[in-house]
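The values are calculated or read from the model by the stated rules, or taken from the named source; none is laboratory data. Quick caveat, the model's predicted, so the values are computed rather than measured. Here the Cβ positions follow ideal geometry from the backbone for every residue, glycine too, while neighbour counts run over all protein chains shown. For accessibility, only protein heavy atoms count, side chains too; no ligands or nucleic acids. Shrake-Rupley method; radii C 1.70, N 1.55, O 1.52, S 1.80 Å.
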Amino acid sequence: MNRKIVEQVTLLASVIKWASYASIVGVLVGGGTTAFLKALSWTSAQYAKVPDYYLLLPLTLVVSTLLVRWFAPDAAGHGTEKVIEAVHQKMGRISVMVVPVKLAATVITLAGGGSAGKEGPCAQIGAGLASSFASLLRLNDVDRRKLVICGISAGFATVFGTPIAGALFGVEVLVLGQVFYDVLFPSFVAGIIGFHVAGKLGASYPHPATEIIPAVTGWSFTEMILLGIWCGLAALLFIELMQLGHRLFGRLSWHPVVKAIFGGALMVLIGRFVSQRYLGLGLDSIDAALKGQVLPFDATFMKMIATSITLGSGGSGGVVTPIFFIGTAAGNLFASLFHEPLVATFSAIGMVALLAGAANTPIAASVMAMELFGAGIAPHAGVACMVSFLIVGYRSIYPSQILGIQKSTSLKVETGRPLGQLNPEKLQDRLAISFPAFIVKGAKVLGKGRKIRK
């Protein structure tokens, strides 16, 4: 009896402890995210007053590059990747300088027309504030790591206004195929508190309504599988183009400032001769697609190119907002090609399905669909997200993500390693070996079946 009492008292104390810690992190991240969103809104309004403001992109990317290079090199790239790396390799230790530098660099990049997202800085801001709070309390490495994961979750929850999906994203994105259940409760607390604090401080989250979701039938189920394959392939292409952009700019033996000028010049050409819809966050195009409007057929590919150039040449920002754009455009194009009347529905499901594939977060993406578009979308979004997740295979927009499972028994890979360290050639060799073996095994089973029938 005494042992049971001790157990329950210990667990109760743990709940109180992590509820308290996570609440404080939620308040900090809610305030930090609101400051970022308001700074972005104000700066964007100032840029908009300048005719053809995107012509300043070379200078914009130079300023962003120098800010990161001089004050906080850890703030480079699309923030979430650096946070995942810090969790796995540094037990969540993040310099406090990352917070203001990432905020300033991303605001400048996005307001000036750079194609990036706003979740990366919020994840890095959340993780940085949580790490500083852990240092203030002198927590051990294990507790610091848990608190930083709470900061990641709160960052995602507050920037998109999806507290449950944001919390799930923070505990699902770290390891492919595994969820950190020991951090699930404090992540929920941090995400929910952060969301409400941001709302009280003036952050707004317009959630667009889609058209009526069709009934779940055999054909609609098939369509969702096809849409999942479509979005999985689009996610795979985006991952490859992002890696290609970083490799090509990395091979240039130029000073980072020159690379930034070159990347900015390429973005100016896209804005001048293709379309300005691919610059900045692209929220207008996302809203249009979710209202049933048909986007240009090249919208998916052009947004991939613009994002790869922006982040490869030194711009600062995340990748989830571009993923939303690309996924929405992919679903929109799918509906147009197959003459589907519910363009908005396919655009909405494509938005979350591409996130599930690119980030390997099918659970968080499915829940996000319900938080954004209502529970009626759940059966369709869940199927499309899972298929997209499987189609991408062992690749991710976050190379520091640890491989926790094998997506297919026919493709043997070594788990426990970052996805960026897997050798694609070895994966192809193993697939070539396992696939014929699968066919031979199937032929033997069929042969046995025929003998039995005889």
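Annotations for the structure displayed:
- Here residue 181 meets each of (1) at pLDDT 90 or above; (2) under 30 Å from residue 408 (Cβ atoms) with one exception, condition (1).
- Of all the listed residues (195, 156, 185), the sole one being open to solvent by 30 Å² or more (accessible area, probe 1.4 Å) and touching a Gly at 6+ places or on another chain (Cβ under 8 Å) is 195.
- Residue in segment 313-333 that is open to solvent by 10 Å² or more (accessible area, probe 1.4 Å), touching a residue at least 60 places away in the same chain (Cβ under 8 Å), among the small types (Gly, Ala, Ser) and over 18 Å from residue 119 (Cβ atoms) present: yes
- Only helices (runs of 4 or more DSSP H) whose full extent lies in segment 36-138 are considered here, and the ones with at least 2 residues that are surrounded by fewer than 23 Cβ atoms within 10 Å (Cβ to Cβ), under 19 Å from the mean Cα position of the chain (by Cα) and in contact (Cβ under 8 Å) with a residue 60 or more places away in the chain are 80-89.
- Top-ranked residue of segment 359-386 - restricted to ones that are open to solvent by 20 Å² or more (accessible area, probe 1.4 Å) and among the aliphatic types (A, V, I, L, M), ranked as nearest to residue 239 (Cα to Cα): 386
- Contacts under 6 angstrom Cβ, first residue in segment 258-279 being closer than 16 Å to residue 299 by Cα and aliphatic (A, V, I, L, M), partner open to solvent by less than 10 Å² (accessible area, probe 1.4 Å) and in a helix (DSSP H, G or I), 6 or more apart: 267/57; 270/278; 270/306; 279/54; 279/271
- Exactly one residue among 247, 277 is closer than 24 Å to residue 121 by Cα, of a type outside the set (A, V, I, L, M, F, W, C), in contact with a helix residue (DSSP H, G or I) (Cβ under 7 Å, 6 or more places away or on another chain) and open to solvent by 70 Å² or more (accessible area, probe 1.4 Å), and that residue is 277.
- Residue within segment 216-234 that is modelled with pLDDT under 90 and among the small types (Gly, Ala, Ser) present: yes
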